[in-house]
Amino acid sequence: MTLGCTISFGSGPSTYALQVEEFTVNIRRSPLHAPMPGADPLQIDMGYYDPSVTIRGVLPTVPDTSVSPNVCDKNQLEDVVTDEFDNSITLSIPAGAGDTSATNYVGQVGSFNCALRSTKDSIYWTYTLTLLAKSRT
(Lines give C-alpha, C1' and ligand atoms only; values in the text may rest on other atoms or scores of the structure.)
Protein backbone atom coordinates (compact mmCIF):
# COMPACT_ATOMS: atom_id res chain seq x y z
CA MET A 1 0.00 0.00 0.00
CA THR A 2 1.26 3.51 -0.80
CA LEU A 3 0.27 7.01 0.25
CA GLY A 4 -1.00 9.28 -2.52
CA CYS A 5 1.30 12.26 -1.93
CA THR A 6 1.99 15.05 -4.41
CA ILE A 7 4.93 17.30 -5.23
CA SER A 8 4.19 20.76 -6.66
CA PHE A 9 6.71 23.22 -8.08
CA GLY A 10 7.15 26.24 -10.34
CA SER A 11 4.99 29.27 -10.98
CA GLY A 12 2.13 27.24 -12.53
CA PRO A 13 2.43 25.23 -10.32
CA SER A 14 3.09 21.84 -11.91
CA THR A 15 2.01 18.86 -9.79
CA TYR A 16 3.00 15.19 -9.87
CA ALA A 17 1.55 12.34 -7.85
CA LEU A 18 4.08 10.24 -5.94
CA GLN A 19 3.78 6.69 -4.68
CA VAL A 20 5.10 7.07 -1.14
CA GLU A 21 5.66 4.14 1.22
CA GLU A 22 7.13 6.19 4.06
CA PHE A 23 6.73 9.86 5.01
CA THR A 24 9.05 11.04 7.80
CA VAL A 25 9.15 14.46 9.48
CA ASN A 26 12.35 15.36 11.35
CA ILE A 27 12.73 18.52 13.43
CA ARG A 28 16.25 19.16 14.70
CA ARG A 29 16.66 21.71 17.49
CA SER A 30 19.92 23.44 18.39
CA PRO A 31 19.89 24.71 21.97
CA LEU A 32 23.13 26.12 23.34
CA HIS A 33 24.64 23.59 25.74
CA ALA A 34 27.83 24.69 27.50
CA PRO A 35 29.53 22.74 30.30
CA MET A 36 30.25 24.73 33.45
CA PRO A 37 33.07 23.68 35.82
CA GLY A 38 31.62 22.38 39.07
CA ALA A 39 28.01 23.13 38.08
CA ASP A 40 25.21 21.92 35.83
CA PRO A 41 25.69 22.75 32.15
CA LEU A 42 24.34 26.07 30.90
CA GLN A 43 21.44 25.48 28.50
CA ILE A 44 19.76 28.20 26.47
CA ASP A 45 17.11 27.48 23.87
CA MET A 46 16.96 30.30 21.31
CA GLY A 47 14.03 28.68 19.52
CA TYR A 48 16.01 27.66 16.42
CA TYR A 49 14.89 24.54 14.60
CA ASP A 50 15.70 22.82 11.33
CA PRO A 51 12.75 20.83 9.91
CA SER A 52 13.02 18.34 7.07
CA VAL A 53 10.71 15.82 5.44
CA THR A 54 11.95 12.57 3.92
CA ILE A 55 9.83 10.44 1.64
CA ARG A 56 10.59 6.97 0.37
CA GLY A 57 8.67 5.19 -2.35
CA VAL A 58 8.44 3.65 -5.79
CA LEU A 59 8.62 5.31 -9.21
CA PRO A 60 7.36 3.68 -12.41
CA THR A 61 9.74 3.26 -15.36
CA VAL A 62 7.30 5.27 -17.52
CA PRO A 63 4.95 8.08 -16.38
CA ASP A 64 1.36 7.10 -15.55
CA THR A 65 -0.84 9.62 -17.37
CA SER A 66 -4.09 7.72 -16.75
CA VAL A 67 -4.67 9.58 -13.46
CA SER A 68 -4.64 13.24 -12.49
CA PRO A 69 -2.21 14.45 -11.38
CA ASN A 70 0.15 12.25 -13.39
CA VAL A 71 2.36 9.80 -11.51
CA CYS A 72 5.87 10.87 -12.48
CA ASP A 73 8.68 8.55 -13.47
CA LYS A 74 12.31 8.74 -12.33
CA ASN A 75 13.39 11.16 -15.07
CA GLN A 76 10.59 13.64 -14.35
CA LEU A 77 11.30 13.65 -10.60
CA GLU A 78 15.04 13.98 -11.28
CA ASP A 79 14.27 17.01 -13.49
CA VAL A 80 12.37 18.63 -10.59
CA VAL A 81 15.33 18.01 -8.27
CA THR A 82 17.93 19.41 -10.67
CA ASP A 83 15.94 22.27 -12.25
CA GLU A 84 13.84 23.81 -9.46
CA PHE A 85 15.87 26.27 -7.36
CA ASP A 86 13.14 28.40 -5.80
CA ASN A 87 11.42 28.00 -2.45
CA SER A 88 8.13 26.88 -3.94
CA ILE A 89 8.56 23.10 -3.87
CA THR A 90 5.65 21.67 -1.88
CA LEU A 91 5.19 18.10 -0.64
CA SER A 92 1.58 17.33 0.27
CA ILE A 93 0.35 14.44 2.36
CA PRO A 94 -3.40 13.87 2.06
CA ALA A 95 -6.02 13.97 4.78
CA GLY A 96 -6.60 10.69 6.52
CA ALA A 97 -2.92 9.93 7.06
CA GLY A 98 -3.09 10.83 10.74
CA ASP A 99 -4.52 14.30 10.08
CA THR A 100 -8.00 15.63 9.41
CA SER A 101 -6.82 17.84 6.54
CA ALA A 102 -4.03 17.77 3.98
CA THR A 103 -0.63 18.89 5.24
CA ASN A 104 1.78 20.80 2.99
CA TYR A 105 5.52 21.17 3.57
CA VAL A 106 7.26 23.94 1.57
CA GLY A 107 11.01 24.18 1.01
CA GLN A 108 13.91 23.05 -1.14
CA VAL A 109 15.21 19.62 -2.03
CA GLY A 110 18.20 18.68 0.13
CA SER A 111 18.89 15.23 -1.33
CA PHE A 112 17.51 12.70 -3.78
CA ASN A 113 18.59 9.18 -4.62
CA CYS A 114 17.05 6.36 -6.59
CA ALA A 115 17.86 2.76 -7.43
CA LEU A 116 16.67 0.51 -10.22
CA ARG A 117 15.08 -2.68 -8.85
CA SER A 118 14.21 -5.84 -10.72
CA THR A 119 11.77 -8.52 -9.59
CA LYS A 120 10.28 -11.52 -11.34
CA ASP A 121 7.23 -9.49 -12.32
CA SER A 122 8.52 -5.98 -13.02
CA ILE A 123 11.32 -3.43 -13.09
CA TYR A 124 10.84 -0.26 -11.07
CA TRP A 125 12.73 2.54 -9.31
CA THR A 126 12.86 3.07 -5.56
CA TYR A 127 13.64 6.57 -4.35
CA THR A 128 14.31 8.69 -1.29
CA LEU A 129 13.84 12.46 -1.34
CA THR A 130 14.56 14.90 1.49
CA LEU A 131 12.93 18.33 1.52
CA LEU A 132 14.52 20.96 3.77
CA ALA A 133 11.30 22.58 4.94
CA LYS A 134 10.74 26.23 5.76
CA SER A 135 7.04 25.96 6.58
CA ARG A 136 4.12 23.62 7.18
CA THR A 137 0.56 24.59 6.27
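The values are calculated or read from the model by the stated rules, or taken from the named source; none is laboratory data. On a predicted model such as this, the values are computed, not experimentally measured, just so you know. Cβ placement follows ideal geometry from the backbone for every residue including glycine, while neighbour counts extend to all protein chains displayed.
Some observations on this one:
- Taken over the stretch 69-85, the criterion of being touching a residue at least 24 places away in the same chain (Cβ under 8 Å) and in a loop (DSSP other than H, G, I, E, B) is satisfied by Pro69, Asn70, Cys72, Asp73, Glu84.
- Selection from the stretch 108-119 of residues that are in contact (Cβ under 8 Å) with a residue 40 or more places away in the chain and either surrounded by 15 or more Cβ atoms within 10 Å (Cβ to Cβ) or aromatic (Phe, Trp, Tyr) (or both): Cys114
- When the strands (runs of 3 or more DSSP E) confined to the stretch 6-59 are screened for residues that are in contact (Cβ under 8 Å) with a residue 24 or more places away in the chain, those reaching at least 1 such residues are found at 14-29, 49-59.
- Tabulated pairs, the stretch 92-107, first closer than 19 Å to Val80 by Cβ, second modelled with pLDDT under 95 and basic (Lys, Arg), C-beta under 9 angstrom, 6+ apart or interchain: Asn104/Arg136; Tyr105/Lys134; Tyr105/Arg136; Val106/Lys134; Val106/Arg136; Gly107/Lys134
Results for (1) acidic (Asp, Glu); (2) surrounded by 17 or more Cβ atoms within 10 Å (Cβ to Cβ), shown as yes or no for each residue.
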{"position": "Val62", "(1), (2)": "no, no"}
{"position": "Val71", "(1), (2)": "no, yes"}
{"position": "Asp83", "(1), (2)": "yes, no"}
{"position": "Ser101", "(1), (2)": "no, no"}
